[in-house]
1. When only DSSP loop residues count, what chymotrypsin sites (Phe, Trp or Tyr not before Pro) in the range 379-438 have their Cβ near at most 13 other Cβ atoms within 10 Å?
2. So what's Rg/Rh here for the chain, counting alpha carbon atoms and using the Kirkwood radius for Rh?
3. How much net charge surrounds K440 when only the other residues with a Cβ under 14 Å from the Cβ of K440 are counted, with Lys and Arg +1 and Asp and Glu -1?
4. In whole angstrom, note down how far apart the Cα centers of the range 308-325 and the range 1-60 are.
5. Taking every DSSP beta bridge with both residues inside the range 241-438, roughly what % is antiparallel (nearest 5)?
6. If we sort 302-315, 221-234 on the protection proxy, mean other Cβ atoms within 10 Å, highest first, what's the order?
7. Kindly identify the range 71-141 as rounded, prolate or oblate by the Cα gyration tensor criterion: order the square roots of the eigenvalues as a ≥ b ≥ c, call it rounded if a/c is under 1.5, otherwise compare a/b with b/c, prolate if a/b is larger, else oblate.
8. Where does each of 289-297, 211-219 land if you order them by average Cβ count within 10 Å, highest first?
Amino acid sequence: MIETLTFLNEAQFWSIVAGISVTGCVFIWKEWQHFGTSRFWLKISLIIIALLALMLMALQPALMVNKKSKNLIIVTQNYKANQLDSLKIRHKKVKPLKYVPNSSIFEANAAIDSVFILGQGIEPYDLWQLKDKTVVYLGNYLPSGIIKYHYKSKNREGEALEFKGVYEQPKNGRHLILQGPGKRRLDSVKLKTLDKQSFQLATPLKAAGKYVYKLIEEDSNGQLIALNPIPVEVIKRDVLKIMLINEFPSFESKYLKNYLAEKGHEVLVRSKITKARYKYEYFNTKKRSIGGFTTSNLKDYDLIIIDANALKNLDKASNKALENAVSDVGLGVLIQANSSFFRASNRLARFDFKQDNKTSTALKNASKIRIEKQPYRFNNEFTLETLLQSDANHILAAYKHLGNGRVGTTVLGNTYALVLKGQTEQYAKLWTRIIEGLSKRVNPKINWVSTINLATVDFPFPFKLRTLTAKIPEVKTDQNYRIALKNTIDLPKVWQGVTYPLTSGWHTLKEKQDSSLVFNYYVQDTLAWRAKSVYDKIVENKRFYNNANPKKTPLYSLKTINPLWFFSLFLISMGLLWLLPKLT
């Protein structure tokens with residue numbers, strides 16, 4: 001028993017013992033004149049009992065008793081009844097708790113140590129309540145439906161909407177249909193009976209604006225099963241100023257300049273005829289002559305496309321002006337490579353190539369379309385940024401930073417053959433990625449970012465904005481409500497905010513200093529994309545419980561001995577000491 005005894009005021013043990021000992025010595029000295037008599041020994045015994053009782057009241061003794069762990073069973077949506085029955089058999093005294101979102105879980109269960117969770121799981125905004133608990137999550141089954149999808153919610157005019165997804169437990173005969181504005185059916189895919197099925201739907205985006213495409217799921221009889229929104233914002237394509245410099249005319253440049261002109265870009269083409277004579281062509285721009293490169297005649301351009309021979313033959317002043325325009329102004333440069341380029345060093349940016357003896361390849365996600373290439377491939381370097389990859393994950397087009405600008409090249413060659421084969425869409429997609437990846441960047445005053453593709457009614461929608469000024473931004477919703485912002489310590493120009501949309505549809509956020517740079521986002525209702533929302537909840541629950549750091553539950557608890565027992569003993573002893581002289 002003594003091994004389970006402890007004192008709550010153990011730190012003051014010796015000071016209390018010293019005080020009681022001194023008091024005891026005073027009492028013994030006072031009664032020393034009756035030493036040897038029965039009265040002396042009786043009084044000394046009562047004094048010792050009273051002082052021990054007083055000492056124990058000061059030390060507050062407690063017993064260490066084995067602690068029984070307390071469990072809680074939380075049932076959430078779509079839980080399995082057989083799992084609940086099994087837990088009830090093992091934990092007969094535990095009463096299941098039905099989870100209610102956005103409410104306190106442990107208000108009446110504060111002493112709970114371990115938690116069993118059944119069903120879909122706890123909403124992400126309530127997971128903080130389980131931070132210090134040991135959790136056993138039993139909701140590891142996945143719902144049937146689209147559990148993953150990916151697409152670009154913001155595209156440029158002329159690009160394609162590519163919607164990729166994963167369907168869990170599909171049933172044979174069902175169809176997924178991409179529906180455009182005006183309820184036009186644009187693309188479809190048939191499902192098969194599998195554990196999982198990946199799918200892809202696509203359609204071109206021809207006009208700028210905000211649209212809501214829809215993904216329809218129908219059974220084999222054409223009956224509607226699900227209808228989910230796919231919001232897309234199409235931005236008007238920027239008109240770029242591009243200069244095309246050729247040492248001699250080529251079919252590659254001919255088709256490229258025609259493609260750029262059809263897209264509305266301002267294109268100036270300079271082709272060398274003889275040593276001192278040039279041929280100029282102008283598309284969507286005014287006539288002007290370009291001799292050598294200077295800072296003034298390069299500053300207005302967004303991209304220079306120059307073949308390797310023309311770059312090699314630039315005089316020292318032109319080469320220096322081109323380098324300064326790239327590093328200082330942010331001009332982009334695309335070098336059209338030839339066979340000697342892969343073996344020579346480049347003055348603008350050094351690329352490292354490896355010979356692979358392959359003269360054709362296929363782009364990633366388009367393995368059926370073969371494209372000519374030089375018998376070289378890029379060596380993957382730390383400073384290399386990829387623009388295009390092959391189906392074997394080899395780099396086909398890439399660039400390096402040079403100050404504020406970018407210098408890039410490609411191992412592809414004779415891409416105009418795609419146009420001759422009628423594969424104009426693939427040709428446009430290829431060159432769009434290269435042109436937009438290298439052209440001059442215009443940094444907006446405000447840059448909006450959100451990790452959530454689709455907001456949900458009554459759910460938090462977090463966002464970030466980066467400003468170029470040191471001023472505190474003021475963000476308002478389209479209902480003119482102001483949103484409180486939180487600044488980050490490490491990045492003083494990055495601000496974070498959260499809004500809670502009340503209605504579905506398109507919404508905007510705008511900043512007071514520049515209301516033209518708005519942030520458009522779409523809000524879905526709570527019934528949209530149900531399978532994916534359940535899947536995301538399950539994944540988030542698993543991640544949270546795996547990363548949680550629950551407090552270690554002690555194996556015992558302290559039970560304080562009631563001090564009234566010691567106080568009663570003290571009163572009895574003192575009462576007898578008071579009464580004893582009166583009886584003699």
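Only the coordinates and a few stated rules stand behind these numbers; no lab work does. No experiment lies behind these values; they were computed from the predicted model shown. Neighbour counts run over all protein chains shown; Cβ positions are idealised from the backbone, glycine included.
1. Details: sites: F382, Y399, Y416, Y427, W431; in loops: F382, Y416.
Sites meeting the loop and neighbour criteria: F382.
2. Details: Rg = 39.3 Å, Rh = 31.7 Å.
Checking Rg against Rh, the ratio lands at 1.24.
3. Details: positive: K241, K299, R406, R441; negative: D238, E266, D300, D302, D328, E436.
Result for the neighbourhood of K440: -2.
4. For the range 308-325 versus the range 1-60, the Cα centre distance is 101 Å.
5. Numbers: 25 of 44 bridges.
Roughly 55 percent of the DSSP beta bridges within the range 241-438 come out antiparallel.
6. Details: 302-315: 19.4, 221-234: 15.4.
With the highest mean Cβ count within 10 Å placed first, the list reads 302-315, 221-234.
7. Details: a/c = 1.73, a/b = 1.18, b/c = 1.46.
Because a/c hits 1.5 or more and a/b fails to exceed b/c, the range 71-141 counts as oblate.
8. Values: 289-297: 13.9, 211-219: 17.2.
In descending order of packing, they fall as 211-219, 289-297.
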